[in-house]
Amino acid sequence: MIKLRANKRLQTTIRNQVLWTRFGSKIGRPVAWVTSGSPVEIVLAAGFIPFYPENHAAICAARGMSQDLAEQTEAEGYSRDLCSYFRVDVGSQISGRTPLGHLVPPDVILVSNNICGTVQNWFRVTAERFNVPLLFLDTPFNDAAPTEADVAYVREQLVHIAAEVARLGGRRVTEDRLSKVVLRSRDALELWAEVLAMAAERPAPFTSFDAFVHMAPIVSMRGTRRCISYYRALRDEVRERMKAGISSVPDERARVVWDNIAIWPVHKQLKKLFEQYHVSLVGDTYTSAWTVEHLEPEDPFTSLAKVYTDIILNHGAAHRVKVLSNMVRKFDATGFVLHSNRSCKRYSLGQFGVKTAVSSATGATGVVVEADMADPRSVSFEHLQQRLVPFFETLGASG
Amino acid sequence: MTRVAGLDIGSTATKCVMMEDGRVIASVVVPSMPDMRVAAERALRECGAEGIPVLTTGYGRALYEARLAQVSEITALAAGVGFVAPVAATVVDIGGQDSKVVRVEAGKVVDFAMNDRCAAGTGRFLEVMSRVLHIPFEEFDAVACDEVEPLPVTSTCTVFAESEVVGLLSARHPPARILKGVLTSVCGRVASLGRQVGVKAPVVATGGTMYSQAVVRALSNALGVPVAVPAAPQFVTATGAALLCARRVAADVAAAAV
Ligand code: SF4
């Protein structure tokens, strides 16, 4: 098992990003807290420093802090059935504890409902706590693809949001400035897509276990130059591995794809289990959500409106079946794992139907595992093993 | 003349099956508790299977260190069913700790669903209820016979169901009708598990609980298709393990010969 050199680089990159956020806010740059699915390009063009509470919650979870933080939020009366990212992030706001040292408070909060309804309430609660303005982007749910009317409706809101962030302490967002940021986003998204696509190679030089970790910059730094150089280096390294025939798992015997967010509390254990059975996790619907096409610097408002309305969670089950089936084919997988994520209802609804449909479309074998992305109390490694081992054996892999 | 053994170290019982030239020549079952490792050794000894290649399966499969290999219960169960009932398309297994529905084809797994998170729909549920009702498992068939009408018992949670049963008892409902309700509840839960993979006939049921005709009938009612039970339903998984062991030994011999 040869480790990626980029693992080190990732740590430095994230650390620098944290330092930059802190330093920037000290020298008077305004800070915007944004959702993972919100058009960050606009706040960047306005000169804001973005901060991603969802990403922050994932970091807390990966560092083993999530249960403690979630309990802080539950003690305020919030139900344990709510999204664990919400509970972890708000717990950090309440207690002031974070692996980042301290949180840089927002000047404005930007939320969009293209990922779920929970995040809307989470950010509203947060805006109230910090007593700052909340900007809300409403993206209509897709039956197939965004209609012209949808795009026009979202575009209008984006123009409005751009004016608001300028008024709330930012620079004026000209089309020109926005185009530049959009172009930088696009470059990074393309590089990330290139990295992920290389997992189609046999043996896979890079797996989704790597992707779940190396996605952090594409989520929280896209639109910046540092993000591009990060992914350029990663792309080059993975390409090198691919050319040298270096496999991510020893002696690859089966290839599977994944649906839903990672299971952070047991991420490393799970990775080991896959390795032990020589199974490559070659693709997933989550990290590939940041590989959108059609991000065009010409007419950036319209392009952003399209892209942010079209994201995977803003579609129904039929779309998921299509995305997963394509992925199974593209990556030449014989199986797929559906993580039924207790926290993320939007992502987990209808998975049994999806399983049957993807199986009959592709002939691949599916399995549903129950867990949670961040709350260790809802994750049992024993259970995961109980499901995954027979699944692996069915695919012809053995430990 | 090679002898091999399959050892199914389950949560309640440990089963050992010894095979020779594709035939089962001995089988034993011993309780797994309190020490699964001891139970494994005892089962092998009583089976006369000491010193021969052993493939383990079941909850405690990693505990027996002198094994040739280990596989999950699902894989072993499918292999076993392929041997004892090759025509089966679906296997329903109600074990002590979990229940599973496996779609099979020629001894291989096509798809499976299992309930291992909750005691409802498993042998544990029956165990708890048998204790509350003071009806031992051996008497299920005599008590829950065809003429008895079942009383509704919830199938979502063993703890809820237990207090429900206590309530029904204290309201002086006949235990026979309650037991029938309990069986309907367990099998209903298993049937809903089956819908995840699609239950295709012919259906075979395995696991120690299938020694009771009342359970088999309730299961077949819940699934809406007839259910066949092999001669030794408790040993199917261990038999599968023995078969896989024989295959492994043969492959090793072939590899060594090259
Ligand atoms: S519910 Fe899902 S989409 Fe919504 S914030 Fe939580 S993890 Fe994200």
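The values are calculated or read from the model by the stated rules, or taken from the named source; none is laboratory data. Since the model is a prediction, treat every value here as computed from it, not as a measurement. Heads up, the Cβs are rebuilt from the backbone with ideal geometry, glycines too, and the neighbour counts pull from every protein chain shown. Just so you know, the surface numbers come from the protein's heavy atoms only, side chains and all, with ligands and any DNA or RNA stripped out. Shrake-Rupley method; radii C 1.70, N 1.55, O 1.52, S 1.80 Å.
Numbers at a glance
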| item | result |
| --- | --- |
| Within the accessible area of region B:137-258 (1.4 Å probe), percent carbon and sulfur | 60 |
| Region A:257-304, relative contact order [Cα under 8 Å, separation at least 6], % | 41 |
| Furthest towards positive pole of dipole, A:165, A:19, A:102, structure part region A:6-173, Cβ charges | A:19 |
| Chain B: Cα Rg divided by the 2.2 N^0.38 Å rule of thumb | 1.04 |
| Rel. contact order, % - alpha carbon contacts under 8 angstrom, at least six apart, region A:1-158 | 20 |
| Fraction of beta bridges assigned by DSSP in region B:87-229 that are antiparallel (%, nearest 5) | 65 |
| 10 Å beta-carbon shell around residue A:357, net charge (K/R +1, D/E -1) | +3 |
| Among A:244, A:70, A:62: highest mean-square fluctuation, GNM of chain A, C-alpha pairs under 10 Å | A:244 |
| Per residue, the convex hull volume that the Cα atoms of region A:1-90 enclose (Å³) | 144 |
| Geometric extent, Cα atoms of the protein assembly as shown - Rg, Dmax (angstrom) | 28.1, 88 |
| Only Lys, Arg (+1) and Asp, Glu (-1) charged, at Cβ; chain B dipole about Cα centre in debye | 400 |
| Most to least accessible of B:25, B:74, A:14 (protein chains only, probe 1.4 Å) | B:25, A:14, B:74 |
| Residues along region B:107-143 losing 20 Å² or more of accessible surface when the other protein chains are present rather than the chain by itself (probe 1.4 Å) | B:109, B:110, B:111, B:112, B:114, B:116, B:117 |
| Between helix A:351-362 and chain A: long-axis angle, C-alpha atoms, 0 to 90°, nearest 10 | 60 |
| DSSP-loop trypsin sites (Lys or Arg not before Pro) across region A:1-56, with at most 14 other Cβ within 10 angstrom | A:3, A:5 |
| Accessible-area composition of region A:259-399, carbon plus sulfur, in percent [1.4 Å probe] | 54 |
| With all protein chains modelled, accessible area of residue A:272 [1.4 Å, Å²] | 140 |
| Heavy-atom accessible area ranking, 1.4 Å probe, most first, across A:210, A:187 | A:187, A:210 |
| 1.4 Å probe accessible area per residue over the protein assembly as shown, in Å² | 41 |
| Dimensions (Å) - region A:6-173, Cα atoms, principal axes, largest first | 45, 39, 37 |
| CD proxy at 222 nm, helix term only [per DSSP H run n ≥ 4: -39500 (n - 2.57); per residue of chain B; nearest 500] | -13500 deg cm²/dmol |
| Residues of region A:352-367 buried by at least 20 Å² on assembly (accessible area, 1.4 Å probe, chain alone as reference) | A:352, A:355, A:365 |
| Buried on assembly, region B:45-94 (at least 20 Å² less accessible surface than by itself, 1.4 Å probe) | B:59, B:61, B:72, B:75 |
| Cα long-axis angle, helix A:118-130 against chain A (0 to 90 degrees, to the nearest 10) | 40 |
| Highest-fluctuation residue, A:41, A:240, A:275 considered, GNM on chain A with Cα pairs under 10 Å | A:240 |
| Listed residue pairs exceeding 22 Å between alpha carbons, taken from A:243/A:272; B:15/B:100; A:268/B:100; B:108/B:200 | A:243/A:272; A:268/B:100 |
| Accessible heavy-atom area order of A:65, B:129, highest first, probe of 1.4 Å | A:65, B:129 |
| Nearest-10 value in Å² for the accessible area of residue A:128, using the 1.4 Å probe | 130 |
| Chain A: most fluctuating residue of A:77, A:335, A:64 per GNM, C-alpha cutoff 10 Å | A:77 |
| Within the protein assembly as shown, percent of DSSP bridges classed antiparallel, to nearest 5 | 40 |
| Chain A - percent relative contact order, Cα under 8 Å, separation 6 or more | 18 |
| Using alpha carbons only: equivalent-ellipsoid semi-axes of region B:87-229, gyration tensor based, whole Å | 26, 15, 12 |
| Any cysteine of the protein assembly as shown lacking a neighbouring Cys Cβ under 4.7 Å - listed by number | A:60, A:83, A:116, A:227, A:344, B:118, B:145, B:157, B:187, B:245 |
| Accessible surface buried once B binds A (1.4 Å probe; total of both sides; Å²) | 1400 |
| Helix B:213-223 vs. chain B, principal-axis angle (Cα, 0 to 90°, nearest 10) | 80 |
| Student exercise, region B:87-229 dipole from Lys, Arg, Asp, Glu Cβ charges, in Debye to nearest 20 | 340 |
| Rg over Rh [alpha-carbon atoms, Kirkwood Rh] for region A:75-219 | 1.01 |
| Estimated dipole of region A:6-173 in Debye, rounded to 20 [Cβ of Lys and Arg +1, of Asp and Glu -1, Cα centre] | 1000 |
| Average beta-carbon neighbours from other chains, 10 Å sphere, peptide A:387-398 | 5 |
| Of all accessible heavy-atom area on region A:6-173, the percent that carbon and sulfur account for (1.4 Å) | 51 |
| Exposure of residue A:178 as accessible area (Å², to 10), given a probe of 1.4 Å and all protein chains | 0 |
